[in-house]
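The values are calculated or read from the model by the stated rules, or taken from the named source; none is laboratory data. All of these numbers come straight from a predicted model, not from anything done at the bench. Counting neighbours? That spans all protein chains shown, and the Cβs are built from the backbone with ideal geometry, glycine included. Accessible surface areas use protein heavy atoms only, side chains included; no ligands, DNA or RNA. Shrake-Rupley method; radii C 1.70, N 1.55, O 1.52, S 1.80 Å.
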Amino acid sequence: MTAVTDQAAFRTAFAGVPGFVYRNWLTLTLLSVLWFVASVPLVTIGPATLGMYAAIQDLRSDQNRIDRARVFTVLRERGIASLLFSGLPVVFAVVAGTYGLTAIQQQSLLGEAIALLAAYIALYLALALIPTYVALARGADPVDAFRYGIGWLVSHPTPALSMGLLSVLLLLLTALLTVGFVLLFAGFAFSLQVAVVETVDSKTADSPVQERFAAL
């Protein structure tokens, strides 16, 4: 597999997102609002995001409808894991911020190095959690899903970074609209993320999602 293949798969996924959002705009808007409400306590962002991923996967399937029983089953069985996973990048981000401030105040090179390392790990984990949640939403075991997420990021760094940058851009654009963030962000960003992970897997030489989790 080459970077060109990754880029081609990413372009295919990206090109399909506007049509998917257009066909399901009302459902995605409602899901975005539900995600925002469920995420207000902050600690529930992980389970809320997992539920969104599962619902979007259903909309992307041949049936093109949300199987609420499946979504609730995923949340019941994998919700705690998603909550714990969502805290990992936060922990390292806090470490980065703490050591960064200390390093500035004390002009400590060691503190700066620790802050940079922690920030890198936080970013790495945040990107790895996207394919991890895709796998969790498919019903994968939490440990297997996390390994899959790390492996996917290692194998596909270019689409992972592009996906992350676009998600941040969507966050900034919708945040400027205030209400637009509530109505649009989760639907657009998570549709993009699920599409990229599944399309890259299905169109590259790695084991595709449908084969890796066919037995689930």
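Considering only region 60-92, state which residues are over 17 Å from the mean Cα position of the chain (by Cα) and surrounded by 13 or more Cβ atoms within 10 Å (Cβ to Cβ). Step through it out loud before you land on a result.
Going through region 60-92, the residues over 17 Å from the mean Cα position of the chain (by Cα) turn out to be 61-70, 72-73, 76-77, 91-92.
Listed by number, the residues that qualify are I66, D67, R70, F72, T73, E77, V91, F92.
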(message) Quick check on my filter: what residues within region 125-153 are of a type outside the set (A, V, I, L, M, F, W, C) and either surrounded by 17 or more Cβ atoms within 10 Å (Cβ to Cβ) or under 17 Å from T49 (Cβ atoms) (or both)?
(response) P131, T132, Y133, R138, G139, P142, Y148, G149
(request) Specify the residue that is nearest to A9 (Cα to Cα); the eligible residues are those in region 182-203 that are open to solvent by 40 Å² or more (accessible area, probe 1.4 Å) and over 14 Å from the mean Cα position of the chain (by Cα). (result) K203
(request) Would you please name the residue that is nearest to E77 (Cα to Cα), looking only at residues in region 23-47 that are open to solvent by 60 Å² or more (accessible area, probe 1.4 Å) and assigned to a loop (DSSP other than H, G, I, E, B)? (result) V43
(request) Among residues belonging to region 97-116 that are in a helix (DSSP H, G or I) and of a type in the set (S, T, Y), point out the one that is surrounded by the most Cβ atoms within 10 Å (Cβ to Cβ). (result) Y99
(message) If S207 satisfies all but one of (1) in a helix (DSSP H, G or I); (2) of a type in the set (S, T, Y); (3) modelled with pLDDT under 95, what's the number of the condition it fails?
(response) (1)
